[in-house]
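So the structure is just underneath, and the comments pick up after that.
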Amino acid sequence: MTSPSVDGPFVPGPAFDGWLPGVDGICYGGDYNPEQWPEEVWEQDVALMREAGVNLVSVGIFSWALLEPREGEFDFAWLDRLFDLLHANGIRVDLGTPTASPPAWFFRRYPQARVVTKDGTVMGFGSRGMAAPTSPEYRAAAVRIATELAERYGAHPALALWHVHNEYGAPVSDDYSENARRAWPLWLQHRYGSLEALNAAWGTRFWGQVYGEWDEVDVPAASPSVVNPAQRLDFARFTDAMLRECFTAERDVIRARSSVPVTTNFMAVACPATDLFAWGREVDVVSNDHYLWAADPRNHVTLALAADLTRSVAGGKPWMLLEHSSSGVNWQPRNVAKRPGEELRNAMSHLGRGADAIMFFQWRASRSGAEKFHSAMLPHAGTRSRVWREVVELGATLGRLGEVVGSRTQADVALLWDQESLWAQGLEWRPSADLQAGERIQTFYDRLWRDGLTVDLARPSQDLSAYRLVVAPASYLLTAADAANLTAYVEGGGTLLVSCFSGIVDEHDRVHEGGFMAPLRTALGVWVEEFLPLREGERVTLEGLGDPLHATVWADDLVLEGAEVVATYADGPAPGGPAVTRHQAGAGKGWYLSTVLDADALAPLMARVYADAGLTPTLLPDDVEVLRRVSDDAEYTIAINHSPVDVRLPVPAGTTDLLSAGATSTDSTSGTTTVPAGEVRVLRAPR
Ligand code: GLA
């Protein structure tokens, strides 16, 4: 194998090393939309913010229609007054550019800027959502309002952060408008240089799709059958690139006028339209919005995955939880309210995974509009409410944790996350509709979560040498360079576990030559002769990892090239054939799992893999998480008990409980602490 990549390994995270100017301690607050209220209410808001310990609010995110009531006419008087009021009260401002929701005049004047869906529907006004990201009129208008705001507020002493746009990719991502149709071949020309290169990359000789002129290449709109998957994959890249160009255009005019850091709020895990590792390089500070999926009874695990992904996108630097909810949301089928203590546990899980900001959508519940049933820091019930009391308590709690700011999380395990592979695997006509990349990532993550291991998400092109274990739960698209990087990782002494349907295609969704998984055969000592997907609901039995294990969805017909067989299929389409293999490659080990195991069934396999990696899982009671952040001189332990029973946990010597102000529940002689049911502990030990 050759060196991993001519360009060197991908390095995640922003170049900026600083933090928000003028904010002391952990940022606490939320989206603040005072324009929905008479100005008398603002005074009351600010007094209550102080009571709750709020030190940062996000304003202006949906204010374009008020800030620019007619094209080119600006009214900043109300925002000036708001800035001054917040400043006078010591509350810092995260200023939004309002470009996620252009005003009515914009769409009337530029109807051609409206987004068109795949089936040709033109999106109307009366909701929210940006215009087509490729619309020159939209881009010009967005840059103009961002410029005006930067000139006016860029040096305001209350300003701590720029919040460009809101959640790029939602609700608008794919666009099939005339603007997109014009921009798409230009983007392709830039990517491929020539039509010959495009025809080769897309394999257009299949189904007779060969292009002779650039203007023949259309967006992949509704079509009689499956669209060329390489074209679809490039369209996902194009969509992401167009959204990112909108962001960087606004960011650059702001940077030219203000030294305050710039962010845009991501939706880690929840928004497949954006390649967050690429976005993480473009912002100054990474921020994320997270909402629990209420139907999932263990949604604290999906929260943890989103938080770990956000930290990883930030390259391990501190990040901001820019939105979450104090209780239920309003946009799910059943908007389950959070129960007492749940909000604190959620906040602490984000904090324990590296967040130095705990923010909400939104400060005060709206009386009107689509989100009036969404919870808020200040709910419709007002201050005589459980939610308010918990919001005040959380503010006080965070106030006691200021010293945690800047400390870092350290992970021994990397779980591979490559958005391009997720896009490609999600396309049609794969061998089994039951094999879902998202499910595989979540299940492997759940196993690691239960085993108390801290996990980073990583691109396969990163330098992985610092991790004891790398898990590839769904690496369907794996470039030759990425496969070489993984091979070098193993040969250098790492332990790699690869799950089925990985290493199958290259960056153009072309099957790798040499048989399925060929690029990983040096690392794994095995390749796949034929996929053997199972029927819906079919189960197969694995023998060799203790008690027989049940597997579903998938099996492979494997060809061994040096790997030892750890488990075999007792039945199913390949009885007696290898199911799990282990291979010594250089100084490391390459494991392959050729089927789908649930999180319970993964336990005996992972125990063997951990042993190879020199990892010791932490035996924690069910639904308890223990997180660590370290600074130069202290180690912080954040213990969160999501379960209904009290638990006792071991603690390092000399531990102080930061939340009970010196009076500690830590028993220093026994070295344990009790975390009561549903509660959290934050402990400091010297380092
Ligand atoms: C998103 C948006 C907010 C709000 C919340 C509601 O995160 O950014 O404006 O709509 O969802 O949960």
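Evaluated at q = 0.12 Å⁻¹, the base-10 log of the normalised Debye intensity for region 607-666, with identical point scatterers placed on the Cα atoms, takes the values -0.41. For residue 589, a cut-off of 13 angstrom between C-alpha atoms picks up these aspartates and glutamates, skipping any fewer than 8 places away in its own chain: 491, 564, 612.
Against the empirical 2.2 N^0.38 Å (N residues), region 154-310 has a Cα radius of gyration ratio of 1.28. Full extension of the chain segment joining residue 439 with residue 565 gains 42.8 nm, where the gain is 0.36 nm per residue of separation less the Cα-Cα distance. When you filter the trypsin sites (Lys or Arg not before Pro) in region 342-426 for DSSP loop state and at most 14 other Cβ atoms inside 10 Å of their Cβ, you are left with 367, 372, 384. Among the GluC sites (Glu not before Pro) in region 143-221, those placed in a DSSP loop whose Cβ has at most 16 other Cβ atoms within 10 Å are 213.
Volume per residue of the convex hull around the Cα atoms, evaluated for region 578-649, comes out as 139 Å³.
For the pair residue 151 and residue 674, the difference between a 0.36 nm per residue extended length and the Cα-Cα distance amounts to 183.0 nm. Using the Cβ-Cβ distance between residue 109 and residue 81 with R0 set to 30 Å, the FRET efficiency from 1/(1 + (r/R0)^6) comes to roughly 0.55.
Restricting region 459-538 to trypsin sites (Lys or Arg not before Pro) that sit in a DSSP loop and have at most 14 other Cβ atoms within 10 Å of their own Cβ leaves 535. Need one word for region 244-292: rounded, prolate or oblate. Basis is the Cα gyration tensor (sqrt eigenvalues a ≥ b ≥ c); a/c below 1.5 gives rounded, then a/b vs b/c decides. Cα axes put region 244-292 in the prolate bin. In the chain, inverting the average of 1/r over every pair of distinct C-alpha atoms gives 26.7 Å as the Kirkwood radius.
Magnitude of the charge dipole for the chain, about its Cα centre and with charges confined to Cβ atoms of Lys, Arg (+1) and Asp, Glu (-1), is about 1060 debye.
Restricting to DSSP H runs of at least four residues, report the calculated mean residue ellipticity at 222 nm for the chain, -39500 (n - 2.57) per run over all residues, nearest 500 deg cm²/dmol. Using -39500 (n - 2.57) per qualifying helix, the result is -9000 deg cm²/dmol. In this label model, residue 44 and residue 643 are separated by 4.5 nm, measuring between points 7 Å along each Cα→Cβ vector. Measuring nothing but how far apart in sequence close Cα pairs (under 8 Å, 6+ apart) lie, relative to its length, region 205-328 scores a relative contact order of 20 percent. In a reduced charge model with +1 at each Lys and Arg Cβ and -1 at each Asp and Glu Cβ, region 578-642 shows a dipole moment near 420 debye about its Cα centre.
Only the coordinates and a few stated rules stand behind these numbers; no lab work does. These figures come from a predicted structure and were not determined experimentally. Using ideal geometry, Cβ is built from the backbone for each residue, glycine included, and neighbour counts are taken over all protein chains shown.
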